[in-house]
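For reference, the structure is listed below as structure tokens.
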Amino acid sequence: MLSLVLPAYNEARRLPASLARCAEFLCGRGIPAEIIVADDGSTDGSSLAFGEAAAELAKTGVEFRYLPLPHRGKGAAVRAGVLHAAGDPVAFLDADLTIPVDILDDFLRAIGGGADIAIASRYVEGSRVRRPASRRLMGTGYRSIVRTLVPTGVNDTQCGGKAYTAEAAHDLFSRQRLDGFAFDAEVLYLARLAGYRVAEIPFTLAQDGESSIDLLSDAPRMLADLFRIRANARRRRYQ
């Protein structure tokens, strides 16, 4: 069984369509699956939207689970979803499906071929990316800092689509500590230290609309979190 975690914060408007698209994909591929919505303290009626959508999709055979969580950040939501997952492998995608659910085909193929982790990557051959200039600039700067402070051995730590073997997922997320957006870099840093094999998957990204990242407030926190990763490693807090 595949476990698919969708971290969500105030996604009531988009969640029903995303759940329907994921269920359609999984049923079309004949993949036994559970979909876990890890709700990071939404205040917009996301729980009601989930309940109505799950009831409509009950006949698909996909198991739907909802985790109501306090608002702590995307990292905390993904961690909770992964640690509650019963399947193997365990994947997560952003709830708005900016990265299409079809990428699960490539994730499963990579893991079936021997990778412990498969990640969507905007910076490998074959990827096609269209997004606002401000996001491109932030991404370029952040990648440079990650390579310096917490080298992960991969080109793109931050894409909101990844899959893990159950063993790797539970090992890494049981030790991962950050609650914010920098959790991805932390997990991949731990993966490199542990010797897990990571496959980077090219994909097509068209990101023209709203983003959950606020450049003014989130960028400084993400930078500070990279220093926390280094400090945690030096103090052996990931053992």
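The values are calculated or read from the model by the stated rules, or taken from the named source; none is laboratory data. Just so it is clear, the structure is predicted and the values come from calculations on it, not from any experiment. Quick reminder, even Gly has a Cβ in these numbers, built from the backbone with ideal geometry, and neighbours come from all protein chains shown.
Considering only residues that are modelled with pLDDT of 95 or more and assigned to a loop (DSSP other than H, G, I, E, B), which ones fall in segment 116-140?
Asp116
Restricting attention to segment 144-152, does a residue exist that is buried (at least 16 other Cβ atoms within 10 Å of the Cβ) and either closer than 30 Å to Arg65 by Cα or in contact with a strand residue (DSSP E or B) (Cβ under 9 Å, 6 or more places away or on another chain) (or both)?
yes
Restricting to segment 189-203, name every residue that is more than 17 Å from the chain's Cα centre (by Cα) and outside any helix (DSSP H, G or I).
Gly195, Tyr196, Arg197
Can you pull out the strands (runs of 3 or more DSSP E) entirely within segment 1-115 that have at least 2 residues that are buried (at least 22 other Cβ atoms within 10 Å of the Cβ)?
2-8, 33-40, 90-93
When only residues in segment 38-59 that are in contact (Cβ under 8 Å) with a residue 24 or more places away in the chain and among the aliphatic types (A, V, I, L, M) count, which is nearest to Pro70 (Cα to Cα)?
Ala38
Could you list, in sequence order, the residues of segment 1-53 that are among the aliphatic types (A, V, I, L, M) and farther than 25 Å from Leu108 by Cβ?
Those that are among the aliphatic types (A, V, I, L, M) and farther than 25 Å from Leu108 by Cβ: Ala12, Leu48, Ala49.
Does any residue of segment 209-218 turn out to be at pLDDT 85 or above and part of a helix (DSSP H, G or I)?
No: zero hits.
What number of residues in segment 60-92 are over 30 Å from Gly114 (Cβ atoms) and touching a residue at least 60 places away in the same chain (Cβ under 8 Å)?
4
Could you please tell me which pairs satisfy a Cβ distance under 7 Å, a separation of 6+ or placement on different chains, a first residue in segment 224-237 that is over 18 Å from Ala194 (Cα atoms), and a second residue that is not aliphatic (A, V, I, L, M)?
As it stands, the answer is Asp225/Gly180, since those pairs meet every condition given.
Pick out the one residue from Leu226, Leu178, Leu190 that is under 23 Å from Asp88 (Cβ atoms), modelled with pLDDT of 85 or more and crowded, with 18+ Cβ neighbours inside 10 Å.
Leu190
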